[in-house]
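Heads up: the structure comes next, in structure tokens.
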Amino acid sequence: MKTTKKNLKYQSPGINEVSRYEKLHTVTFKNSKEGSVSIAREICDLVKAKQEKNKNCVIGFATGSSPTKVYQEIIRIHKEESLSFKNVIAFNLDEYFPINKDDKNSYHHFMKENLFDHIDIPAENINIPSGEIKENQVKKYCIQYEKKIQESGGIDIQLLGIGANGHIGFNEPGSNLNSITRLVKLDYKTRKDARFDFNGIKNVPTSAITMGVKTILSSKRIILLAWGLGK
């Protein structure tokens with residue numbers, strides 16, 4: 001299943017504003033493979049359309065199990081259909097904090113392994129929140145991350161997954177609609193779900209840097225992936 005939001009202008013949330021997001025356009029598929037192929041094609045069509053207008057395509061990427069088949073199909077299209085991604089500017093949703101970018105559980109490592117090392121996106125166009133900066137520099141860093149998104153023209157299409165407890169990015173349940181990129185504390189459920197990757201919950205970072213809810217809703221188009229009964 002994928003859920004999409006298109007051309008919704010963000011305003012200060014009230015009762016009427018919140019209700020605007022209740023009935024989003026929803027598309028169901030027989031399986032995650034079929035859905036992922038459809039989503040990858042939409043993304044690639046947008047990249048190509050932007051190329052034809054000599055414009056950059058700004059894409060928000062997600063990690064986790066939900067988008068992996070989408071990335072596999074994007075790689076196939078790149079290789080078999082010779083679609084270039086040199087006009088793509090990428091912004092990732094989040095990253096654990098603290099964590100080294102070369103750690104096998106970092107989202108830097110995930111994106112390189114699952115997508116960026118297999119397409120021709122320029123390295124300077126890849127933006128992933130850093131888990132290596134000093135904590136007293138995080139606030140300034142997050143402001144700069146937001147500014148860079150805005151200076152790129154805003155996100156054209158944002159890909160999202162959803163956690164078992166409902167978190168999107170690392171915006172845990174209860175996150176403010178006005179939230180922007182920031183450092184957050186991770187819910188116990190979120191850390192528990194990651195414990196096998198980190199060889200025990202004690203090794204899972206307690207914090208993360210994430211795009212905020214307002215940042216995400218400011219995207220021109222959003223695709224949220226929710227595969228299977230668990231989601």
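Can you confirm whether THR206 is within 28 Å of LYS69 (Cβ to Cβ) and of a type in the set (S, T, N, Q)? Spell out the reasoning first.
Working: within 28 Å of LYS69 (Cβ to Cβ): no; of a type in the set (S, T, N, Q): yes.
When the stated conditions are applied, THR206 does not pass them.
For region 36-57, the set of residues classified as crowded, with 19+ Cβ neighbours inside 10 Å and either closer than 19 Å to ILE168 by Cα or among the hydroxyl-bearing types (Ser, Thr, Tyr) (or both) consists of SER36, ILE39, listed by residue number.
When VAL70 is tested against (1) in contact (Cβ under 8 Å) with a residue 40 or more places away in the chain; (2) open to solvent by 80 Å² or more (accessible area, probe 1.4 Å); (3) aliphatic (A, V, I, L, M), only condition (2) is not met.
Within region 28-106, considering only strands (runs of 3 or more DSSP E) that don't extend past its boundaries, which have at least 3 residues that are over 13 Å from GLN158 (Cα atoms) and either small (Gly, Ala, Ser) or under 18 Å from the mean Cα position of the chain (by Cα) (or both)? Walk me through it before giving the result.
Values: elements: 57-61, 88-92, 94-97.
Result: 94-97.
Applying the set (1) loosely packed, with under 13 Cβ neighbours inside 10 Å; (2) more than 25 Å from SER36 (Cβ to Cβ) to LYS104 leaves exactly one unmet item: (2).
Residues that are without any contact (Cβ under 8 Å) to a residue 12 or more places away in the chain and surrounded by 21 or more Cβ atoms within 10 Å (Cβ to Cβ) within region 77-101 are absent altogether.
The values are calculated or read from the model by the stated rules, or taken from the named source; none is laboratory data. Quick caveat: nothing in here was measured; it's all calculated off a predicted structure. Note that we place each Cβ from the backbone using ideal geometry, even for glycine, and neighbour counts take in every protein chain shown. Heads up: the accessible areas ignore ligands, DNA and RNA and are worked out on the full protein's heavy atoms, side chains in. Shrake-Rupley method; radii C 1.70, N 1.55, O 1.52, S 1.80 Å.
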